[in-house]
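Contents: one structure, followed by commentary.
Throughout, read-outs are computed from the coordinates displayed, never taken from laboratory work. These figures come from a predicted structure and were not determined experimentally. Cβ sites come from the backbone with ideal geometry, for glycine too, and all protein chains shown count toward neighbours.
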Amino acid sequence: MHSVLILCYGPLDRDPRVIRQILALNSAYQITAAGYTNPLVDNINFFQLTPYFRPWLKKIAKLFNLISGNHDRNYWHQTRVQELIKLSSENYELIIANDLDALPLAIELAKRTNAKVIFDAHEYYPDSGHTNGLRFWLLNREIIYQCNKYLYQSDVVTTVSSGLKEAYEQNFHIKPTIIKNTPKLKNLKPSTVGTEIHLVHHGIAAPIREIEKMVRMAELLDSRYFIHFYLVDRSNGKYFNKIKKISNSERVIFHDPVPTANIPDEINKYDIGLFLLPPNNFNYRHALPNKFFEFIQARLAIAIGPSLEMKHYVDKYSLGVCSDSFSPFDLAHELNILSSNKIRQFKLNVDKAALELNFEVESGILKTIVSNTFNKTKINENSISS
């Protein structure tokens, strides 16, 4: 049985994309997962990494290296990188590196064990920052250096959407394969549409996502509509409390978050999945996130702004409404003119699309890539669905 190392600098139990990689390959390969937390998947090996912390002296050294352009020193002197060098004693035949910070190490480990490398780019890393200024410019320069040095050394590159794929092709002359962020196929049916229409949004409470715009939509929607939020607070309450204070409507309801795997079952009782994501950076402009496909598996109609990737699927399968701008006024208008019958039809369309847009389909793409990599056959993009 071939041995596979799945590497990610993050909490594996909260990363659905990494968990799906493990589940897709676990039955056919011997899996070792390395990350901050155990993914809680049976019959795999787990290597726990120490969460990243940089003392102030090392922060000064990092800044100096960023300014001087000594990017290799910056990377290889990290404690977390040195910790993972221990894995070089294992004879892994394939390493899947998740996110750019894991790629240089994966390439180095692969050289020592003659392994293959699959790089899964969860986003487009250059120009992905949330701020401007000197610090962003310095960090972005280091990211571009790493992309130029390590991307072409990967045997295969995968990513999440067509916009990200095109950016990598144009700027780094590689050809990624798309593997969408789809959850497992759920045996659910659309809930009944009544006189009250219930919208739902779930995800991280982050200021850059401007969730307050969706909260304020309650004041713009007619009396049929209620909005439910399942938010994960990673701001120590600061932004999350701000969102709650903005809400002065009884038609905005906050719920405790649920485990990722349970989201479609939990939100199936609602009518419409709501996501108004302002295009505040390149990755947001081309976002095709987990929650979009979780809406689909939950058999919900969908209401979004004109996000390019999501709009493609909403239009292709007639899944819901898409406003002309990212203004909450425009999206509220699209919802206010909807009839209950139209919402029912959207939900029926979603029910059909869910049979195509799921983990079982996308995992087949990953399994084909891995099999071809082990068999040393050239990946034919035309033979792999994107």
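Observations
- Linear extension gain, LYS86 paired with ASP330, 0.36 nm per residue minus alpha-carbon span: 82.4 nm
- Within the chain, helix-based [θ] at 222 nm, where runs of 4 or more DSSP H residues each add -39,500 (n - 2.57), nearest 500: -11500 deg cm²/dmol
- Residues of region 19-35 with amide N under 11 Å of a point placed 7 Å along Cα→Cβ from LYS184: 20, 23-24
- Residue exposure proxy: LEU300, LEU100, ordered by other Cβ atoms within 10 angstrom of their Cβ from fewest to most, comes out as LEU100, LEU300.
- Coarse-grained scattering of region 197-353 at q = 0.12, 0.17 Å⁻¹, given as base-10 log I(q)/I(0) from a Debye sum over alpha-carbon atoms: -0.45, -0.98
- Where a label projected 7 Å from the Cα of VAL258 along Cα→Cβ would reach, residues of region 265-305 with amide N under 19 Å: 265-275, 290-303
- Residue order, fewest to most surrounding Cβ atoms within 10 angstrom, among GLU90, GLU360: GLU360, GLU90
- Shown in residue order for region 211-228 are the 3J(HN,Hα) couplings computed by the Karplus curve 6.51 cos²θ - 1.76 cosθ + 1.60 at θ = phi - 60°: 5, 4, 5, 6, 4, 5, 4, 4, 6, 9, 8, 6, 5, 5, 9, 10, 10, 10 Hz (x for Gly and Pro).
- Whole-Hz ³J(HN,Hα) from phi, Karplus 6.51 cos²θ - 1.76 cosθ + 1.60, for region 184-198, glycine and proline x: 5, 4, 9, 8, 10, 10, x, 6, 5, 8, x, 6, 8, 10, 10
- In this structure, the amide hydrogen of ILE204, modeled 1.01 Å from its nitrogen in the peptide plane, lies closer than 5 angstrom to those of VAL232, counting only residues at least 5 positions away or on a different chain.
- Considering only alpha-carbon pairs that sit under 8 angstrom and 6 or more positions apart, the relative contact order computed for region 197-353 is 23 percent.
- Ranked TYR230, TYR225, criterion: other C-beta atoms within 10 Å, fewest first: TYR230, TYR225
- Cα-Cα over 28 Å, subset of LYS316/LYS367; LYS244/LYS352; LYS291/LYS342; LYS189/LYS242: LYS244/LYS352; LYS189/LYS242
- Here's how it looks for LYS116: its modeled amide H is under 5 Å from those of LEU94, ILE95, which are all 5 or more places away or on a different chain.
- With Cα atoms, 0 to 90° folded angle of helix 162-172 axis to the chain main axis: 30 degrees
- Across LYS111/LYS180; LYS213/LYS245; LYS149/LYS175, pairs whose alpha-carbon gap is larger than 20 Å: LYS111/LYS180
- Full extension of the segment from GLU169 to SER235, taken as 0.36 nm per residue of separation minus the current Cα-Cα distance, would add 20.2 nm.
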